[in-house]
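**Q** First the structure, then my questions, so here it is.
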Amino acid sequence: MPLGPRTRVLLIAAVVFAALAALIWYLSFAYWSQPVTPLPTPRQAEEAATPQAPAATPPPQANATPPAQTTTTPAAQPTPSPTPAPSPQAQSTSGDAGAALASMRLLIPVAGVKPSELRDTFSDARSEGRVHDAIDIPAPRNTPVVAAADGRVVKLFHSAKGGTTVYQLASADEHFVFYYAHLDHYADGLAEGHVARRGEAIGYVGDTGDAAPGNTHLHFQIYRVADPRHFWTGENINPYPLLHAAQ
Ligand SMILES: [Zn+2]
């Protein structure tokens with residue numbers, strides 16, 4: 001049976017309404033119920049980030065630059081302070097100095113040591129590139145050390161290298177210094193300002209300072225000073241020929 005135009009419109013409206021109602025119900029169900037259930041963690045989003053990880057590795061250029069070069073650059077090396085090694089000068093002036101000293105008839109400054117027992121150790125190498133510039137006279141501990149010539153004791157000094165030492169200004173003009181080192185101890189009553197006579201005991205052989213323990217010997221050094229007030233440094237003169245000729 002045919003439907004009237006009004007009935008058809010009403011039927012379409014009802015279908016549309018029903019469809020709309022169903023849609024609204026569905027949507028309302030979806031929107032109201034979805035927040036209740038916790039959203040699963042989107043794993044795909046996390047995994048999607050992993051492919052980008054290799055981009056974080058340093059580019060090959062960074063590996064190509066050798067960082068070792070910066071570490072191998074040598075640090076500023078402390079240049080060893082050049083020791084005033086006046087050996088050539090001493091030889092050039094040994095004529096004058098030698099004559100002046102020879103006239104003083106030096107004694108071997110260790111009691112009982114004969115000239116033939118001396119060894120020339122003036123040019124021996126020492127630590128830090130230094131040269132010995134002196135003579136070492138081995139002797140048993142507490143062998144008397146005697147003044148090689150007349151002269152004023154200008155300084156009694158204890159130092160790390162020399163140990164117990166005596167500085168004596170020899171010769172009339174006091175331009176020669178005799179340096180006695182590694183003493184075990186001083187002679188009784190020895191004092192600065194005392195004029196020690198040739199052959200007078202001023203101390204005793206030992207191994208103080210940087211001498212190896214038990215290596216008892218006298219380190220005897222002669223040098224010429226420009227100014228006696230600066231008695232601690234000067235031109236070294238080899239004592240060996242002077243002592244070897246002594247008697
Ligand atoms: Zn020495």
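**Q** Please go through the stretch 99-136 and give me each residue that is more than 16 Å from the ligand (Cβ to nearest atom), among the hydrophobic types (A, V, I, L, M, F, W, C) and under 19 Å from ALA181 (Cα atoms), ordered by number.
**A** The answer is LEU106, LEU107, ALA111.
**Q** Given the criteria within 24 Å of SER127 (Cα to Cα) and in contact (Cβ under 8 Å) with a residue 24 or more places away in the chain, does ARG224 qualify?
**A** yes
**Q** Name the pairs: first residue in the stretch 90-114 and assigned by TED's automatic domain parsing to the domain that holds GLY206, second residue modelled with pLDDT of 80 or more and of a type in the set (Phe, Trp, Tyr), Cβ to Cβ under 7 Å, at least 6 apart or on different chains?
**A** LEU101/PHE176; PRO109/TYR180; PRO109/PHE220
**Q** Given the condition within 13 Å of the ligand (Cβ to nearest atom), crowded, with 16+ Cβ neighbours inside 10 Å, under 14 Å from LEU242 (Cβ atoms) and in the same structural domain as ILE202 (by TED's automatic domain parsing), answer yes or no: does some residue in the stretch 144-158 qualify? Spell out the reasoning first.
**A** Step one: of the stretch 144-158, the residues within 13 Å of the ligand (Cβ to nearest atom) are none.
No, because not a single residue in the stretch 144-158 is within 13 Å of the ligand (Cβ to nearest atom), crowded, with 16+ Cβ neighbours inside 10 Å, under 14 Å from LEU242 (Cβ atoms) and in the same structural domain as ILE202 (by TED's automatic domain parsing).
**Q** Moving to a separate point now. Please work out which one of (1) within 12 Å of the ligand (Cβ to nearest atom); (2) under 18 Å from VAL113 (Cα atoms); (3) in a loop (DSSP other than H, G, I, E, B) is the condition ARG198 fails and give its number.
**A** (1)
**Q** From the set of residues in the stretch 159-177 that are in contact (Cβ under 8 Å) with a residue 60 or more places away in the chain and within 14 Å of GLU192 (Cβ to Cβ), which is surrounded by the fewest Cβ atoms within 10 Å (Cβ to Cβ)? Please lay out each step first, then the result.
**A** Within the stretch 159-177, the first condition is being in contact (Cβ under 8 Å) with a residue 60 or more places away in the chain, and the residues that meet it are 167, 169-171, 176.
Within this subset, residues satisfying the condition of being within 14 Å of GLU192 (Cβ to Cβ) are 167, 169.
On the way: TYR167: 21, LEU169: 19.
Of everything passing the filter in the stretch 159-177, LEU169 is surrounded by the fewest Cβ atoms within 10 Å (Cβ to Cβ).
**Q** Please tell me if ARG141 is among the charged types (D, E, K, R) and at pLDDT 95 or above. Show your work before the answer.
**A** Details: among the charged types (D, E, K, R): yes; at pLDDT 95 or above: yes.
Yes, satisfied.
**Q** Right, here's the next one. Just name the residue that is nearest to ARG105 (Cα to Cα) out of those in the stretch 201-228 that are of a type in the set (Asp, Glu) and either part of a strand (DSSP E or B) or within 12 Å of the ligand (Cβ to nearest atom) (or both).
**A** The residue in question is ASP207.
**Q** Out of the residues in the stretch 159-193 that are of a type in the set (A, V, I, L, M) and assigned to a strand (DSSP E or B), state the one that is farthest from the ligand (Cβ to nearest atom). Show your work before the answer.
**A** Of the residues in the stretch 159-193, the ones of a type in the set (A, V, I, L, M) are 160, 166, 169-170, 172, 177, 181, 183, 187, 190-191.
Next cut, assigned to a strand (DSSP E or B) only: 166, 169-170, 177, 181, 183.
Working: VAL166: 14, LEU169: 20, ALA170: 19, VAL177: 15, ALA181: 7, LEU183: 12 Å.
Going through the qualifying residues, I end up with LEU169.
The values are calculated or read from the model by the stated rules, or taken from the named source; none is laboratory data. These figures come from a predicted structure and were not determined experimentally. Note that we place each Cβ from the backbone using ideal geometry, even for glycine, and neighbour counts take in every protein chain shown.
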